[in-house]
Structure formats: structure tokens, C-alpha cells
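Enquirer: Dumping the structure here so I can ask a few things about it.
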Amino acid sequence: MSRAFANRIKKYYSFYTGAFVMFVLALAVAEYMGMPDQWIGWTFMAATVALYAGIGIVSRTADVTEYYVAGRRVPAIFNGMATGADWMSAASFIGMAGTLYAKGYDGLAFVMGWTGGYVLVALLLAPYLRKFGQFTIPDFMGARYGGHTARTIAVAGTILASFTYVTAQIYGVGIITSRFLGITFEIGVFVGLAGLLVCSFLGGMRAVTWTQVAQYIILIIAYLMPVVFMSYQVTSMPVPQLVYGTVLEKVTEREEEIMADPAQATARDAYRARAEEIGRAIAALEASGSNGESLAQLRRDKETAEAKARPIHHHAEPFPGETEAERDTARLNFIALTFCLMVGTASLPHVLIRFYTTPSVREARESVFWSLFFIFLLYFTAPAYAVFAKYEVYTNLIGSSIVELPGWVASWAKLGLVKVEDINGDGILQLAELTLNPDVIVLATPEIAGLPYVVAGLVAAGGLAAALSTADGLLLTIANALSHDVYYQMIDRQASTTRRLAVSKGLLLLVALIAAYVASLKPDTILSMVAWAFSIAAACFFPALVLGIFWQRATREGAIAGMLVGLGVTLFYLVGVKFYGMTKWLGITDVSAGIFGIPAGFVTIWLVSLFTPAPDRATLELVERVRYPSLRG
Amino acid sequence: MQLTERHRKYWRANLRLTGTLLAIWFAVTFGVVWFARELADIKFLNFPLPFWVGAQGALIVYVLLVRHYARRMNELDEEYGVAEDGR
């Protein structure tokens, strides 16, 4: 039966992919015939959101297993695509290439961290969680460590890690819709919210899974297409991942030329002078005891000017720095960040619960492979995006006359994503005079490559798919932790199926509204806190999950203490460094706080477990049951 | 239920496989990063080697590790008679 089901699904999605390609081609023809850009943007948004809504309505369900884990019959390959869409957020789709453009080699911590984490998921967690076969991550904590305490901490950790994350996704939806539809940001946020709820509200995990598969197909086509064209134009080879090494060599040559150019130095000197001037203004304000807001703005301006005054480093140079100590700290931070992102990936509840939805342990293992493969397609393309964009900027922009810059600069400058300032007044663009928002790399590549507007619309639809799919997975995770773990498991064990689902849906709506409201306030802190989700989830869940499976002796008291200590150390370091100017330990930045919290969690569980009575027979049997796909004797 | 010697062997084989693959994962990620500055002059496919490993090589290794684990474990399930019934 499951074979036939898989084949039917395969047929549906092949047909769907074909139809989507035809739809894009038809729009391209319409554009050629004179359809205005704004219409193309609207058509893309309306068509894709209607599609997601359609899948949501078709997949509506009133069955608990269907609602929470899609009936546990999602074939490995489709669960892989759904996990890919679930995983790749607006930040991965739009922001990652820009981060790589700005940071060069040091940005690769994200590429490795966000893929390497799946090795941990595959080897240490996914098959065992599938064998355990319940609904949520707090479920596992509750069953393995007994009682409500471990479950409650896990619920708190789930909400802490997922809520800021979902807010950032809704924020991303607002940015994309407002940019491409020409509506205000606040309305964009609530349009995005509607798009989210149509998928998850009626059908829970089942609807979210099948929409995520559809969203993955759109986002990967949208991500690959512009850079494939650009690669073809620059190198006459349409495989950007293979050929960007030669482009990187050209970028390196250009970097040498730029560094040797005296005009570049005058621009940097002008910024250094400005930084010093702002520094004097800050000192004067501080002396007069003036208010904080304008002072904070001046400090940011000073930092920007200082960054522009610094000489550039080669794109592929690892850990650039002025001194040996600075370089060593950069290396340590790279390693700490990679480690936290990897362990965090293997601890984020919305990723882990996806492996409850496969039909068997066997397919859960295969499914992690497919997930990683589908994620890999995007992540190993992102560095190519960055290098091609850098090549374009360094060869065709820098050194040309400011009045003759290409059209895309002006169109993105209007939206504030590109800034050009002729600080040394020579009428020529120097590198320091150009400011690029990281998002612009992916968004502007279609225009840089001279592709029709349809491709820009496609990229926007892809970004929207990435943001919506991640937000859906996160919303469902939060709502399920509250409805299943708090309401059903702790408050009312007798609740009927209808009642449980009603509570679930009510909470989903509530969480979505709160998240949309918070996003519409555009809070700076929330956005910078997203990167924290990885350290928080990693320190709270990873030690207790892994030891719960691999070490039978781990006790309830050990796990509770370990989760609290891990979470506590991480939060203490994050908040201390970020808000109270605490001295950094070994120079590690706040984002990588998990590097202290994760080992603290492991050591605490180990020590406390040794000093508390061993787990009872039932718990030991649970661990045995989880370790073997089937126990028949 | 009582675990048999065969079950224990299966679990030890699983731990050996998991340990070996994690060691490769660790070396490819953190080993290369640690020596990145020293390796930067080596060229591979026109890329400086550490850049290539970070951008592509390590990722390819991760995919292969997970694939190998899935295959090998599914075989081990059959060998030790702990595979699930039917599919």
C-alpha cells in the first residue's frame, strides 16, 4: 500500500513541477508581450499562495495522528524535501549569499554548520526518535525521564528557541511582500500570516508537509536559476558550483589591483577622517551628559565609517586580522560558531519532529539523507552566488563613473538596499563608497545578469516559499508543544480527540497572531536574537536527548539538572555579553554561547546521574526498545 | 524482554559505525578549519583548498556519511534480525 501511495505522490509532484515551469514560461511570454512588472509580481504571489491554500484545504484532517505527524506515512524522499523547506528559512534563501559576500571564508561557518548538523541528526537522533514514535520532543523527555518536570522544561526550551525564530520568518514575509507587491510592511505581515494559516490551520502536520514539498520545489528552482544564467554569461558554463573557482581567481586579482589603487586609499582616508570627527562629537556629547538615542546612532555611524576605512582582505583568506592574536580569536570563533550551529541544527524541535512522520526507522534514516541532499543543493550554491556577485561588483562597478552606473544600482538604491556616496568627490566609484545590504545579492542577481522581470518575481516567490514553510513548521511545533504536552499530557488526559484538535488550532491561531504582532513592530533585538535559537536549543536539548538514548544510566534528576544548567549557562553568557558588557570568555561572541552551555549540560547530566539512583526497569526497557528497530527475541 | 548476545553485538556494531563516521565528520570540519591558514596556499580545482573544503568538500562528505550510515544500518538490521516487519 505504501509503495502505491509513494508512486501516486511522485506522479502528483512531477506533474506539479511541470505545471510550475509552464506557468513561469507563460508569464515570461506575457512579459514579452508587454505585461507590466507589478502585475507579474502579483500573479506570482497570488498563484503560489492560492496553491498552498489549495493543498491546505485538500489535506484538512480531524485525525490526531494525521494532524500531529501526517499519519506517519510520508515517504523518505518527500520527507526530505519537506525537511529542506522547513529548514531553509528566509535568512538562508535571501541572506546567506550576502553574508558570504561580506565575510568571505569566515561566512562558511554557516554553510558547514547548517549542513554538518544533519550528520548528528542522522547518527544520533532521527532513527531513535522515529522508533520512540510519539508526537513531540517534550514527549521524549517526559517518557525517558519520567514525570512532568523534564517535559515542562522541554516545552519552555521549545518555545524559547522557536518563537523568536518564527517572528523573524514573518518579518521576512513582510519584507518580501511589501517589496514586490508595493504594499506597506504592516499589511504585508498580515497577508503573510493569512498565507501561513491557510496551510497549517486546517490540516496540521499533514497539510504543512505536503505544502512544504511544493514550497521546496519552488524555492530550489528560484534559487538555482539566476546564478546558472550568470555563470553561463561569465564563464559560458551553466554549472556555477563547478566553475566559480576560476571566477574566484579573477576576483583575487581584482582585489590586488584595488588595494594598489591610490584613489581607493583616498576614499578610505576620507572615511577614517569622518570616523575621527564622529568620535569627537561622541566625546563632546558624553561630556555634556546628553541622552542615549542620538549617542547610540553616532556610535553606529562611527563603526560604519571605521569599517569602511579598513583595507579589504582576500575573499578566500581564512580568519583575516591585523595581529596573530586577532587571527587566533577569529579561528576560535569560527569553530565555536560552526559547532553551535551544528549541534543547534540537531536540536531544533521543528526539524526533529519531521522524523516522526516517516513510515519506519529504515525510512527515517534514508529520509535524513534526502533532507541533507536537498539542503546541500542550496547551500553549496550560495558561495557561488557570493563570488559571482563580487566579480560583477569589482569588475563592472568599482572604478567606473558614478553617473554611469548600471540600472540595477539605481533601482535598489531607491529601496535603500544599495548606497553610493562620493566621499572623496572624484566622480569615480571606489569600493569604500559602495554599501550593499546583504539581501541584495540574491534579490538583484536576476537584474545584474540582465534576466527578464519574471525571474525576479520567481526569486521573490522562492523567498516567500522559504519563509512561509519555515514559519509553518515552527508555528505547528509551538502550538503542538502547548496543546499536546501542556494541555493533553498535563491538564486533561481524558480530553476527546475533537477537543484536543480544537485546542491545538486555537493555540495555533493565537501564537500566529502574537508572532505577527511582534514582527509588525520591527524589533531590532528580536532579529539579532534569532541566531541565539541555535545555542539555546543545543544547550537545552542535545545533551539530554543523546544521553537519554546512548547512556541508560542517565537519570531524571541528571537530565533536569543538565537541561537547566545548559540553558542557564547559555542564557547567562548571551545576556551578559550582549546587554551588560560582560568580558568575553576566550573572546567568543554571544551568538556562540552554546559552546559553554553544551559541555556544561553533558557534564551536569553525567555527574548528577552518578549520584542519583539508577532509572527503573520500565525506563531501561524504553531505552532498549528505542535502540532496536524491532525486538522479537 | 531480555536482550540476547546477538542484540548486544548489533548495538556494539552500531556504536562502532557511529563512532567511525563521527570521527570523519570531526576531522573534515574542525581539522581542516584549524589548519586553514597553513593550507591556504594549496590549490584544488582552482580554489584555495580550505575554501573549497568549507564551501563544497565538507558538504559532500556529510552527504556521503549520512548515506553510508543509512545503507549500512539497514543492512545491519537484516543481519542481526532486528529489522521491522514489512514495509
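Enquirer: Select, from A:A91, A:A50, the only residue that is open to solvent by 10 Å² or more (accessible area, probe 1.4 Å), more than 14 Å from chain B (Cβ to nearest Cβ) and under 23 Å from B:A55 (Cβ atoms).
Expert: Only one candidate qualifies: A:A91.
Enquirer: If only one of B:F44, B:F51, B:F35 is open to solvent by 90 Å² or more (accessible area, probe 1.4 Å), at pLDDT below 95 and either closer than 25 Å to A:Q241 by Cβ or within 8 Å of chain A (Cβ to nearest Cβ) (or both), which one is it?
Expert: Among B:F44, B:F51, B:F35, only B:F35 is open to solvent by 90 Å² or more (accessible area, probe 1.4 Å), at pLDDT below 95 and either closer than 25 Å to A:Q241 by Cβ or within 8 Å of chain A (Cβ to nearest Cβ) (or both).
Enquirer: Another question about this same structure. Can you list the helices (runs of 4 or more DSSP H) lying wholly within the stretch A:434-551 that have 3 or more residues being crowded, with 19+ Cβ neighbours inside 10 Å and in contact with a Gly (Cβ under 6 Å, 6 or more places away or on another chain)?
Expert: Per the criteria, A:453-480, A:532-550.
Enquirer: Please list, ordered by first then second residue, the pairs with beta carbon atoms under 7 Å, 6 or more apart or interchain, first in the stretch A:246-269 and without any contact (Cβ under 8 Å) to a residue 40 or more places away in the chain, second surrounded by 14 or more Cβ atoms within 10 Å (Cβ to Cβ) and among the polar types (S, T, N, Q).
Expert: A:T246/A:T235; A:T246/B:N46; A:E249/B:N46
Enquirer: Scan the stretch A:596-633 for residues that are open to solvent by 20 Å² or more (accessible area, probe 1.4 Å) and within 11 Å of chain B (Cβ to nearest Cβ) and jot them down.
Expert: A:L620, A:E621, A:E624, A:R625, A:R627, A:L631, A:R632, A:G633
Enquirer: Only one residue in B:T20, B:T29 is of a type in the set (S, T, Y) and either facing another protein chain (nearest Cβ under 7 Å) or buried (at least 19 other Cβ atoms within 10 Å of the Cβ) (or both), so which one is that?
Expert: Matching residue, one of B:T20, B:T29: B:T29.
Enquirer: Among (1) more than 7 Å from chain A (Cβ to nearest Cβ); (2) open to solvent by less than 20 Å² (accessible area, probe 1.4 Å); (3) not polar (S, T, N, Q), there is one condition B:A70 misses while meeting the rest; what is its number?
Expert: So B:A70 meets the others, but not (1).
Enquirer: Also, I was wondering about something else. Please go through the stretch A:335-363 and give me each residue that is under 20 Å from A:Y573 (Cα atoms), open to solvent by less than 10 Å² (accessible area, probe 1.4 Å) and within 7 Å of chain B (Cβ to nearest Cβ), ordered by number.
Expert: Hit for the stretch A:335-363 is A:T338, nothing else.
Enquirer: May I ask you to list the residues in the stretch A:405-433 that are assigned to a helix (DSSP H, G or I) and either at pLDDT below 85 or hydrophobic (A, V, I, L, M, F, W, C) (or both)?
Expert: Passing the criteria: A:G407, A:W408, A:V409, A:A410, A:S411, A:W412, A:A413, A:K414, A:L431, A:A432.
Enquirer: Another question, then. Can you tell me which of A:E324, A:E366 is within 13 Å of another protein chain (Cβ to nearest Cβ), farther than 30 Å from A:T65 by Cα and open to solvent by 40 Å² or more (accessible area, probe 1.4 Å)?
Expert: A:E324
Enquirer: Is it the case, given these coordinates, that A:Q169 is at pLDDT 90 or above and surrounded by 24 or more Cβ atoms within 10 Å (Cβ to Cβ)?
Expert: So A:Q169 does not fit the description; no.
Enquirer: Please return the ranges of helices (runs of 4 or more DSSP H) entirely within chain B where 3 or more residues are among the acidic types (D, E).
Expert: Answer list for chain B: B:58-79.
Condition check ((1) polar (S, T, N, Q); (2) within 14 Å of chain B (Cβ to nearest Cβ); (3) touching a helix residue (DSSP H, G or I) at 6+ places or on another chain (Cβ under 9 Å)) across all residues:
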{"position": "A:I153", "(1), (2), (3)": "no, no, yes"}
{"position": "A:I159", "(1), (2), (3)": "no, no, yes"}
{"position": "A:I176", "(1), (2), (3)": "no, no, yes"}
{"position": "A:E186", "(1), (2), (3)": "no, no, yes"}
{"position": "A:V198", "(1), (2), (3)": "no, no, yes"}
{"position": "A:Y232", "(1), (2), (3)": "no, no, yes"}
{"position": "A:T252", "(1), (2), (3)": "yes, yes, no"}
{"position": "A:E255", "(1), (2), (3)": "no, yes, yes"}
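Enquirer: Now, a different point. Going through A:A126, A:A143 one at a time, which residue ends up being buried (at least 24 other Cβ atoms within 10 Å of the Cβ) and not hydroxyl-bearing (S, T, Y)?
Expert: That would be A:A126, the only listed residue that is buried (at least 24 other Cβ atoms within 10 Å of the Cβ) and not hydroxyl-bearing (S, T, Y).
Enquirer: Tally time: how many residues in the stretch A:214-236 are surrounded by fewer than 15 Cβ atoms within 10 Å (Cβ to Cβ) and either at pLDDT 90 or above or within 20 Å of B:P48 (Cβ to Cβ) (or both)?
Expert: Summing the residues that are surrounded by fewer than 15 Cβ atoms within 10 Å (Cβ to Cβ) and either at pLDDT 90 or above or within 20 Å of B:P48 (Cβ to Cβ) (or both) in the stretch A:214-236 gives 0.
Enquirer: Report whether or not A:A384 is more than 23 Å from A:P543 (Cβ to Cβ), at pLDDT below 95 and in contact with a strand residue (DSSP E or B) (Cβ under 7 Å, 6 or more places away or on another chain).
Expert: Answer is no for this residue.
The values are calculated or read from the model by the stated rules, or taken from the named source; none is laboratory data. None of the values given here were measured: they were computed from a predicted structure. Positions of Cβ are generated from backbone atoms using ideal geometry, with glycine treated the same way; all protein chains shown enter the neighbour counts. Keep in mind that these areas ignore ligands, DNA and RNA; they rest on the heavy atoms of the full protein, side chains included. Shrake-Rupley method; radii C 1.70, N 1.55, O 1.52, S 1.80 Å.
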